[in-house]
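J.: Following this message is one structure expressed as structure tokens.
The values are calculated or read from the model by the stated rules, or taken from the named source; none is laboratory data. Owing to the predicted nature of the structure, the values given are computational and were not obtained by experimental measurement. Cβ placement follows ideal geometry from the backbone for every residue including glycine, while neighbour counts extend to all protein chains displayed. Just so you know, the surface numbers come from the protein's heavy atoms only, side chains and all, with ligands and any DNA or RNA stripped out. Shrake-Rupley method; radii C 1.70, N 1.55, O 1.52, S 1.80 Å.
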There are 2 protein chains.
Amino acid sequence: MLVAARRASALYGQDQHTVTLTEGRPPAPRYGSRPTMKDVAGRAGVGLKTVSRVVNGEPGVTLETRRRVQEAIDALGFRRNDSARVLRKGRTATVGLVLEDLADPFYGPLSRAVEEVARAHDTLLINGSSAHDPCRERELALALCSRRVDGLLVVPAGPDHRYLEPEMNAGIATVFVDRPARGIAADTVLSDNHGGARSGVAHLIAHGHRRIGYIGDLPRIHTAAERLRGYRTAMEEAGLPVRPGWVSLGSTAPERVRRAAEEMLGGPDPVTALLTGNNRVTVTVVRVLAEREPHRPVALVGFDDFELADLLRPAVTVVAQDAAGLGRVAARRLFDRLERTDLPPAVVELPTRLVVRGSGELPPAG
Amino acid sequence: MLVAARRASALYGQDQHTVTLTEGRPPAPRYGSRPTMKDVAGRAGVGLKTVSRVVNGEPGVTLETRRRVQEAIDALGFRRNDSARVLRKGRTATVGLVLEDLADPFYGPLSRAVEEVARAHDTLLINGSSAHDPCRERELALALCSRRVDGLLVVPAGPDHRYLEPEMNAGIATVFVDRPARGIAADTVLSDNHGGARSGVAHLIAHGHRRIGYIGDLPRIHTAAERLRGYRTAMEEAGLPVRPGWVSLGSTAPERVRRAAEEMLGGPDPVTALLTGNNRVTVTVVRVLAEREPHRPVALVGFDDFELADLLRPAVTVVAQDAAGLGRVAARRLFDRLERTDLPPAVVELPTRLVVRGSGELPPAG
DNA sequence: TAGAGTCTGGACATCGTTGTCAGGCAGGGA
DNA sequence: TCCCTGCCTGACAACGATGTCCAGACTCTA
């Protein structure tokens with residue numbers, strides 16, 4: 001079967017690889033040549049509607065006719081065209097999920113959970129990433145609306161979701177996940193970001209820390225703002241000041257986070273403990289702390305659990321969110337709404353859980 | 001805006017949460033009430049085709065007419081129905097990606113890379129998980145064919161892909177990723193599993209190990225078999241025997257892997273080093289090794305890189321696959337094939353890279 | 001044997017869009 | 001004035017399926 005093997009890096013850009021050519025199938029026929037129900041009907045010598053009945057398992061076809069039709073279907077390789085079906089029936093049995101980044105480990109379980117619920121409703125899930133870009137979020141969500149998904153789950157990246165209002169009014173069920181929509185009333189499923197951050201900081205305070213910093217995501221992102229609020233609440237409740245330089249908000253790019261951490265730890269007014277605002281930030285901070293080995297250890301509580309947190313030394317104490325739970329609850333809400341379009345919008349908040357593992361229990365310096 | 005807040009665990013099963021009801025929008029109108037081009041045409045006082053021209057930015061419409069149409073579109077909240085469009089045009093500008101598990105960190109970057117390529121071709125990506133189940137793989141792939149995706153990327157879970165032959169002949173471009181298809185000739189993009197495993201084991205041998213075990217995925221999975229072959233090749237090249245009990249293949253469920261590792265390390269013929277067959281296995285084995293702390297350390301090389309591998313102690317030496325590269329190359333091949341349907345099927349193999357971090361360099365006992 | 005009722009199969013309109021084609025209108029040249 | 005060209009515009013068929021409705025064949029009963 002092998003015909004040739006050669007280097008062909010040029011073909012696919014930077015990626016080095018080996019190409020092995022194999023004997024070809026006959027070239028595929030031009031697109032659009034797929035057999036239709038009409039073709040099947042012709043070959044089986046029956047009417048169009050009879051084929052439709054067989055394909056959809058509807059009653060009212062004799063065994064013999066059914067057999068003849070099935071034979072024609074197999075012979076021609078017929079497969080029903082769902083685009084046409086959708087056009088006639090109105091429902092697509094498809095829902096869309098717009099999230100930030102498929103490669104972020106937080107979204108894997110979330111997406112997976114949504115898919116399971118969708119599957120239980122015989123519905124296909126389309127998911128796409130906005131790559132943290134409000135513009136792409138909008139493009140993607142509207143593209144899904146054009147395909148007439150029955151429903152839409154959105155993890156907002158943008159600051160304004162009024163663009164979805166006409167779509168929602170036109171009957172596309174929409175649920176926001178992880179962050180609320182801005183500018184419209186809609187179903188929303190959130191984590192208890194404020195409470196979670198507050199309990200994380202309280203935990204550090206209980207272990208003797210007084211100088212605690214917070215490194216978080218962009219302030220325009222709801223979760224980042226809420227977690228900051230939780231941090232401030234906990235500090236205030238303990239009567240502790242938040243000094244200038246103890247809060248750093250910005251992108252989760254490793255360079256930015258690294259700089260923030262180094263300034264907080266090495267500046268004139270250093271902190272002895274840190275709360276990190278999500279798993280991307282935590283991972284970078286863990287790396288910074290590991291590089292400071294000879295220094296006195298710094299206490300850390302991370303928002304979001306992550307795989308292997310328990311195997312690092314010290315193991316990382318986290319405020320765990322239930323990502324799968326967010327997805328599951330949001331998806332269920334979506335399907336509820338598909339059945340009863342008159343539900344008033346609701347906000348659901350899932351609790352977080354402090355997972356104590358060691359890094360938050362380190363005593364402060366001195 | 002807040003109307004009520006209460007516990008409502010019953011509503012959404014096990015998940016604990018708080019529901020906050022908010023003032024409702026007017027109920028969404030029944031489905032199917034969306035305005036069509038006909039409605040827009042009526043309101044703007046122009047013909048149907050003129051609306052189509054405006055919506056698609058086709059030339060041959062005066063500025064004034066265009067303005068009137070646009071006004072009607074905005075007023076009615078019209079959005080083109082892509083199902084109907086697809087029916088007429090034949091192409092869906094959609095490709096499907098069938099993988100094993102969206103929550104597996106290996107697939108995040110892969111899926112992300114595919115999405116980027118698709119986006120560059122103005123194409124929507126639908127991805128779904130087979131959950132390692134051949135049956136679901138088939139269901140999902142055929143469901144995507146029914147929706148008439150233009151192309152399909154498949155990470156095979158099943159043992160036989162002849163079911164896709166009619167679809168491929170009917171013009172659905174198909175590329176297999178990470179594992180070859182069985183039973184049909186098709187484009188395929190793989191990692192160099194044999195070479196990677198071989199170099200990983202050779203690395204352990206170079207550091208003095210003679211008793212090396214392999215814990216891998218189910219033997220019916222191509223990558224698992226190839227990596228096993230690489231392991232055997234390396235052992236053979238070094239003139240080392242592979243003793244009974246040194247190879248364990250099976251599911252990647254933590255319990256199974258844990259048992260395998262404990263038997264290999266604690267049995268009558270213990271190994272001093274391990275090659276683990278993928279990131280799921282590696283993570284579990286790292287956990288087992290960590291629990292054996294007082295014991296003499298065991299050397300480890302893992303197939304697949306994973307986040308934080310460098311921060312564990314010892315840091316984990318891995319055979320890194322380029323997951324994003326697999327996705328990128330496969331997606332490019334898919335779009336090539338969409339343009340030139342007469343390409344002969346090719347197999348592309350991407351190199352792996354040994355990333356030395358410490359765990360593979362531990363000396364053997366004695 | 002006729003009449004009533006049941007079962008099976010097919011003709012036809014329809015979903016919302018796009019491609020084809022022809023008509024209408026203005027301006028310029030004969 | 002008439003014709004021709006070129007530009008806009010709209011009527012109509014088609015894409016592939018489903019729902020409605022009716023015709024014809026058949027069974028069963030009186």
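J.: Rounded to the nearest 0.05, what FRET efficiency is calculated for residue B:251 and residue A:313 with R0 set to 41 Å and r the Cβ-Cβ distance? Numbers along the way, then the final one.
T.: Details: r = 30 Å, r/R0 = 0.72.
With R0 = 41 Å, the Cβ-Cβ based efficiency is 0.90.
J.: How much accessible area per residue does the range A:65-163 have, in Å², with a 1.4 Å probe?
T.: Values: 3700 Å² over 99 residues.
With all protein chains present, the range A:65-163 gives 37 Å² per residue.
J.: With angles folded into 0 to 90 degrees, how steeply does helix A:323-339 sit against the dominant principal axis of chain A? Use alpha carbons for both and round to 10.
T.: 40 degrees
J.: Here is a further query. Based on C-alpha coordinates, I'd like the Rg and Dmax of the range B:198-243, in Å.
T.: In Å, with Rg to one decimal and Dmax whole: 10.5, 32.
J.: Return the lysines within reach of residue A:38: Cα separation strictly under 22 angstrom, same-chain partners fewer than 8 residues apart disregarded; answer none if there are no such residues.
T.: Result set, ordered by chain and number: A:49, A:89, B:89.
J.: I've got another one for you. Relative to the Cα centre, what is the charge dipole magnitude of the range B:37-136, using +1 at the beta carbon of each Lys and Arg, -1 at the beta carbon of each Asp and Glu, and rounding to the nearest 20 debye?
T.: On the way: 16 positive and 13 negative charges, 170 e Å.
Here the size comes out at about 820 debye.
J.: Buried by at least 50 Å² relative to the chain on its own: which residues of the range B:333-366 qualify, computing accessible area with a 1.4 Å probe on protein heavy atoms?
T.: Going by heavy-atom accessible area, the residues of the range B:333-366 that drop by at least 50 Å² are B:345, B:347.
J.: Still on this structure, please answer the following. For residue A:159, go 7 angstrom from Cα along the Cα-to-Cβ vector, then report the distances to that same point in the other copies in nm, smallest first.
T.: 5.8
J.: Hey, what angle do you get for helix B:279-291 against the long axis of chain B, alpha-carbon based, 0 to 90 degrees rounded to 10?
T.: 40 degrees
J.: A drop of at least 50 square angstrom in accessible area, chain alone versus all protein chains together, probe 1.4 Å. Which residues of the range B:88-110 meet that?
T.: Going by heavy-atom accessible area, the residues of the range B:88-110 that drop by at least 50 Å² are B:102.
J.: May I ask for the accessible area buried between chains B and A, both sides summed, probe 1.4 Å, to the nearest 100 Å²?
T.: Details: alone 19800 and 19830 Å², together 30850 Å².
Summed over both sides, the interface buries about 8800 Å².
J.: With the full set of protein chains in place, find how many percent of the accessible area of the protein assembly as shown is carbon and sulfur; take the probe as 1.4 Å.
T.: On the way: 16070 of 30850 Å².
The C+S portion of the solvent-accessible surface of the protein assembly as shown is 52 percent.
J.: What does the helix-only formula give at 222 nm for the protein assembly as shown: each DSSP H stretch with n ≥ 4 adding -39500 (n - 2.57), the total divided by the residues, and the result rounded to the nearest 500 deg cm²/dmol? Walk me through the numbers before you get to the answer.
T.: Numbers: 24 runs with 286 residues, N = 732.
Mean residue ellipticity, 222 nm, calculated: -12000 deg cm²/dmol.
J.: How large is the Kirkwood hydrodynamic radius of the range A:293-366, counting all unique pairs of alpha carbons, in Å? Please report the intermediate quantities before stating the final value.
T.: Numbers: mean 1/r = 0.0664 Å⁻¹.
One decimal place: 15.1 Å for the Kirkwood radius.
J.: Out of B:140, B:44, B:169, whose Cα points farthest toward the positive end of the dipole of the range B:41-188 (charges: +1 Lys, Arg; -1 Asp, Glu; placed on Cβ)?
T.: Of B:140, B:44, B:169, it is B:44.
J.: Which trypsin sites (Lys or Arg not before Pro) does the range B:242-286 hold that lie in a coil by DSSP with at most 14 other beta carbons within 10 Å?
T.: Details: sites: B:256, B:258, B:259, B:280; in loops: none.
Those that pass, being in a loop and sparsely packed, number zero.
J.: Using a probe radius of 1.4 Å on heavy atoms only, what accessible surface per residue do you get for the range A:193-321? Whole Å² is fine.
T.: Numbers: 5030 Å² over 129 residues.
Solvent-accessible surface per residue comes out at 39 Å².
J.: On to the next question. Nearest 20 debye, what's the magnitude of the dipole of the range B:193-321 about its Cα centre given +1 on Lys and Arg Cβ and -1 on Asp and Glu Cβ?
T.: Values: 16 positive and 14 negative charges, 57 e Å.
Dipole magnitude for the range B:193-321 comes out near 280 debye.
J.: Calculate the all-directions average of the projected area of chain A's alpha-carbon convex hull, and give it in nm².
T.: On the way: hull surface 105.6 nm².
One quarter of the hull surface, i.e. the mean projection, equals 26.4 nm².
J.: What distance in nm lies between label points placed 7 Å from Cα along the C-beta direction at residue A:263 and residue A:242?
T.: Taking the simple label geometry, residue A:263 and residue A:242 are separated by 1.6 nm.
J.: Quick check: the angle from helix A:193-206's long axis to the longest principal axis of chain A, C-alpha only, nearest 10 degrees?
T.: The answer is roughly 30 degrees.
J.: Another one. Shortest first and in nm with one decimal, please list how far the residue B:342 label point sits from its counterparts in the other copies (point 7 Å along Cα→Cβ).
T.: Once sorted, the set of distances for residue B:342 reads 6.2 nm.
J.: Are there trypsin sites (Lys or Arg not before Pro) in the range A:32-134 that DSSP puts in a loop and that have at most 14 other Cβ atoms within 10 Å, and which ones?
T.: Here the trypsin sites (Lys or Arg not before Pro) that fit, given the DSSP loop and packing criteria, are A:91.
J.: Which residues of the range B:154-201 bury at least 30 Å² of accessible area once all protein chains are present, versus their chain alone (1.4 Å probe)?
T.: B:167, B:168, B:169, B:170, B:171, B:185
J.: Kindly give the distances from residue B:45 to its copy-mates, label point to label point, with each label point 7 Å from Cα along Cα→Cβ, as nm values to one decimal ordered shortest first.
T.: Ordered by distance, the counterparts are at 5.9 nm.
J.: Separate question: For chain B, which longest stretch is free of loop sites, where a loop site is one of the GluC sites (Glu not before Pro) that DSSP puts outside H, G, I, E and B and that has at most 15 other Cβ atoms within 10 Å?
T.: On the way: sites that count: B:23, B:307.
Formally, the longest exposed-site-free interval is B:24-306.
J.: From the Cα gyration tensor of the protein assembly as shown, with a ≥ b ≥ c the square roots of its eigenvalues, which class applies: rounded if a/c is under 1.5, or else prolate if a/b is larger than b/c, or else oblate?
T.: Working: a/c = 2.07, a/b = 1.18, b/c = 1.75.
Judged from the Cα gyration tensor, the protein assembly as shown comes out oblate (a/c at least 1.5, b/c at or above a/b).
J.: To continue, here is another question. What percentages make up the Cα-Cα pair-distance distribution of the range A:193-321 when the bins are 5 Å wide from 0?
T.: Each 5 Å bin holds this share of Cα pairs: 2, 12, 24, 26, 23, 10, 2, 0.
J.: What dipole magnitude, in Debye to the nearest 20, does chain A give about its Cα centre under +1 on Lys/Arg Cβ and -1 on Asp/Glu Cβ? Mind dumping the intermediate values first?
T.: Numbers: 50 positive and 44 negative charges, 257 e Å.
Computed charge dipole of chain A: roughly 1240 debye.
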